[in-house]
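Report on the following structure.
The values are calculated or read from the model by the stated rules, or taken from the named source; none is laboratory data. Here the structure is a predicted model, which is why all the values come from computation and not from measurement. We place every Cβ from the backbone using ideal geometry, glycine too, and count neighbours over all the protein chains shown.
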């Protein structure tokens, strides 16, 4: 692991005819991949350049201003809800593209007066020799939930890592002779892109409960299972909480996921219940540096190219598309999938992740229009570039389609999976869907939940889907396997 030099750069980018404002230390260049807005005018986007990473991190329009780390500790300075994510660019042809084999991001929370934002990491628990500065910002109180003064969120990025290595880290800092650091945690970063060794990952979604009042026992059980399973990546397909503006629900969600989120990178696609709110984006770390930052991204994880798309704004809900998101994301998706399809020799699998299904057997007729919107926006690109596996949520059951292409059963095409059993109330389905291969229901009121574990290598992608059977057990071995399938090259 190389020593990371200090950048310590914050910038405010005006997406207009003005040039992008940026800064860097004298010894370090600005990011090699500048922000490309694709528009002549637009909102103010706040950005910063993580130390030594060569990429820029941005926030959506209306996000609170980033603040550089400062020597200030408040009364409640201990880092809370430490969780891993990913930074980087979203253009695979440019330097700084998101790379979980060499980098990771960390988010944590404190009181508003704690401005110190440091990340230190290394190869052993006792040798955290690399220290980098992060940023922070305050998300104000909404709905009279959470601290009246708001919550300060902190974010820092580690880069220049060795693929496949285990890294130990802490977050926090020191001020006034006082140290406030989190416990030492560890993660194993992704293997090198295109590696032939098997890569395990998990997928799950729709963790909100019916009334938004429980402590999310099903979700907590799923995160515990995923942690002991050995999965190195968590894939979340949206709808974390019932009301995205309610901080008390996010506190419950983060409490339920703390054991997993500090040791496994969880990549997320937004659901409709997140409602495109600042509070949702504060709780995740995903790549991107435009006015639509963190709404879409892709990255290679060993032999798998993962693609994440927010399919709510501009697609399912076109009336809230105030940033030209639909045009931006579909143009990006076309280019990204085209490049991924041409890189099969190195990264053979393409897996897409979003919230609203392209196909499903849900009985709720009110959702037909949502499904059509997602179908019409995404299907032609998925067929054109031969997406292997599509992971979605929203409809609270498990369903796997037959292999499909152009709305018909095919020998080669895409397998569509809905895995929305993280604790949300279960939904009914229509039987005898000719496109459906497998449907599984669950009952969260009797402590049932659904999650998937997959392993990918150069020639096959094996998937097992589990149903938690009750409030006992701690690992997948204690659960019921309800579906298995293998995709082969």
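Would you be able to say whether some residue in the range 112-119 is out of contact with any helix residue (DSSP H, G or I) (no Cβ under 8 Å at 6 or more places or on another chain), part of a loop (DSSP other than H, G, I, E, B) and surrounded by fewer than 21 Cβ atoms within 10 Å (Cβ to Cβ)? Lay out the reasoning, then the answer.
Here is the first cut: in the range 112-119, the ones out of contact with any helix residue (DSSP H, G or I) (no Cβ under 8 Å at 6 or more places or on another chain) are 112-119.
Of the ones still in play, those that are also part of a loop (DSSP other than H, G, I, E, B) are 112-117.
Still in the running and surrounded by fewer than 21 Cβ atoms within 10 Å (Cβ to Cβ): 112-113.
Yes; the residues of the range 112-119 include at least one that is out of contact with any helix residue (DSSP H, G or I) (no Cβ under 8 Å at 6 or more places or on another chain), part of a loop (DSSP other than H, G, I, E, B) and surrounded by fewer than 21 Cβ atoms within 10 Å (Cβ to Cβ).
This table checks each residue for (1) within 26 Å of residue 253 (Cβ to Cβ); (2) in contact with a helix residue (DSSP H, G or I) (Cβ under 9 Å, 6 or more places away or on another chain); (3) exposed (fewer than 14 other Cβ atoms within 10 Å of the Cβ); (4) not assigned by TED's automatic domain parsing to the domain that holds residue 298.
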{"residue": "391", "(1), (2), (3), (4)": "yes, no, no, no"}
{"residue": "395", "(1), (2), (3), (4)": "yes, yes, no, no"}
{"residue": "419", "(1), (2), (3), (4)": "yes, no, no, no"}
{"residue": "436", "(1), (2), (3), (4)": "no, no, no, no"}
{"residue": "457", "(1), (2), (3), (4)": "no, no, no, no"}
{"residue": "461", "(1), (2), (3), (4)": "no, no, no, no"}
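Of the residues that sit in the range 152-174 and are assigned to a strand (DSSP E or B) and either surrounded by fewer than 17 Cβ atoms within 10 Å (Cβ to Cβ) or outside the structural domain of residue 50 (by TED's automatic domain parsing) (or both), which one is modelled with the lowest pLDDT?
Filtering the range 152-174 down to residues assigned to a strand (DSSP E or B) leaves 152-158, 166-174.
Next cut, either surrounded by fewer than 17 Cβ atoms within 10 Å (Cβ to Cβ) or outside the structural domain of residue 50 (by TED's automatic domain parsing) (or both) only: 166, 174.
Values: 166: 97, 174: 94.
The extreme case among them is 174.
Restricting the range 193-209 to residues that are touching a helix residue (DSSP H, G or I) at 6+ places or on another chain (Cβ under 8 Å) and part of a loop (DSSP other than H, G, I, E, B), which is surrounded by the most Cβ atoms within 10 Å (Cβ to Cβ)? Explain how you work it out, then say what you get.
Here is the first cut: in the range 193-209, the ones touching a helix residue (DSSP H, G or I) at 6+ places or on another chain (Cβ under 8 Å) are 200, 202, 204, 207-209.
Those left that are additionally part of a loop (DSSP other than H, G, I, E, B): 207-209.
On the way: 207: 31, 208: 28, 209: 23.
Restricting to residues being touching a helix residue (DSSP H, G or I) at 6+ places or on another chain (Cβ under 8 Å) and part of a loop (DSSP other than H, G, I, E, B), the top hit is 207.
From the list 243, 222, which one is touching a residue at least 40 places away in the same chain (Cβ under 8 Å), farther than 20 Å from residue 108 by Cβ and in a loop (DSSP other than H, G, I, E, B)? Write out each step before concluding.
Values: 222 fails: in a loop (DSSP other than H, G, I, E, B).
Being touching a residue at least 40 places away in the same chain (Cβ under 8 Å), farther than 20 Å from residue 108 by Cβ and in a loop (DSSP other than H, G, I, E, B) holds for just one of 243, 222, which is 243.
Test residue 241 against the stated conditions and say whether it is closer than 21 Å to residue 286 by Cα and in the same structural domain as residue 356 (by TED's automatic domain parsing).
Values: closer than 21 Å to residue 286 by Cα: yes; in the same structural domain as residue 356 (by TED's automatic domain parsing): yes.
Yes, satisfied.
How many residues are part of a strand (DSSP E or B) and over 24 Å from the mean Cα position of the chain (by Cα) if we restrict to the range 436-459? It would help to see each step written out before you state the result.
First, pick out the residues of the range 436-459 that are part of a strand (DSSP E or B): 436-440, 449-456.
The next check asks that each one be over 24 Å from the mean Cα position of the chain (by Cα); those that pass are 436-440.
Number satisfying all stated conditions: 5.
Tally the residues that are within 22 Å of residue 75 (Cβ to Cβ) and touching a strand residue (DSSP E or B) at 6+ places or on another chain (Cβ under 7 Å), restricting the search to the range 131-155.
The qualifying residues number 12.
In the range 138-151, which residues are surrounded by fewer than 22 Cβ atoms within 10 Å (Cβ to Cβ) and part of a strand (DSSP E or B)? Show your work before the answer.
Start the filter on the range 138-151 by keeping residues that are surrounded by fewer than 22 Cβ atoms within 10 Å (Cβ to Cβ), which leaves 138, 140-150.
Within the range 138-151, 138, 142, 145 meet the criteria.
Name the single residue that is farthest from the chain's Cα centre (by Cα) among those in the range 180-192 being surrounded by 18 or more Cβ atoms within 10 Å (Cβ to Cβ) and farther than 30 Å from residue 113 by Cβ.
191
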